[in-house]
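**Student:** Sharing a structure here in structure tokens format.
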Amino acid sequence: MFLPRQKIKILTGLILSLGLVCSAAQLQAAAPVEVVALFKDRAVVRTADEQQMLKVGETSPAGVKLLQADTAGARVSYGGKVYQLDLSARVAGSFAKPTSESVRISRDAVGQYRMRGALNDHMVDFLVDTGASVVALSERQAQQMGLDYKTGQRGTVQTAQGNANAYFLLLERVTLGGITRRKVRATVIEGMYPTDVLLGMSFLNSLNLNDNNGVLTLTAKF
């Protein structure tokens, strides 16, 4: 039986389209890096060794550079190759809660643990501080974020420079790597300090911390 030429062309187009879809899926599966969260101009990327939140232009300790990102996908370079990635099927295609989420941070030159993260979806530099009871940021940082901190409860806190006026409030979201916590207790300290956001125990209490040979692993408790 012979098919009309127009139908043959349609079928040929469908076969080619299916082939392209399969090839794209195979390339996605073969990529040594995956995306587990997507935002405008930033993404959480995962390799076999680490999981890290990056903004466009940043490179993770494992060598993953984020070239482009939005809610539809991300483009990264890794190992000398460029990959166009959708949200990982392990995230997008499954409703099963993961058994654990972890973030690894290497100690810096002065022996502290710093990492990029987000407060209410605003990118910030975190300093892990187990001596701080809550997440703490400066008034200047809060103003840059547009945070309405003056609706919080007024009080005072002890800092390295002495007592300082502060506002106590709840942050909607605090994100470190692939770990997000909501309604996190925080304080905004009047003035310019701290220069990094102190990631205190109001966030860290929900994690297990393991310091091993200069690498701090933070694993979410479930």
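**Student:** State all residues of segment 119-162 that are over 20 Å from the mean Cα position of the chain (by Cα) and modelled with pLDDT under 90; if no residue qualifies, say none.
**Tutor:** Residues satisfying the conditions are 158, 159, 160, 161, 162.
**Student:** If you scan segment 56-66, which residues turn out to be in a strand (DSSP E or B) and either surrounded by 15 or more Cβ atoms within 10 Å (Cβ to Cβ) or in contact (Cβ under 8 Å) with a residue 24 or more places away in the chain (or both)?
**Tutor:** Those that are in a strand (DSSP E or B) and either surrounded by 15 or more Cβ atoms within 10 Å (Cβ to Cβ) or in contact (Cβ under 8 Å) with a residue 24 or more places away in the chain (or both): 65, 66.
**Student:** Could you check segment 190-202 and list, in sequence order, the residues that are touching a Leu at 6+ places or on another chain (Cβ under 8 Å) and either surrounded by fewer than 17 Cβ atoms within 10 Å (Cβ to Cβ) or part of a strand (DSSP E or B) (or both)?
**Tutor:** Selection gives 197, 198, 199.
**Student:** Report, by residue number, each residue of segment 39-55 that is more than 12 Å from the chain's Cα centre (by Cα) and among the hydrophobic types (A, V, I, L, M, F, W, C).
**Tutor:** 48
The values are calculated or read from the model by the stated rules, or taken from the named source; none is laboratory data. Being a predicted model, the structure only gives us computed values, none of them experimental. Cβ: placed from backbone, ideal geometry, glycine included. Neighbour counts: every protein chain shown.
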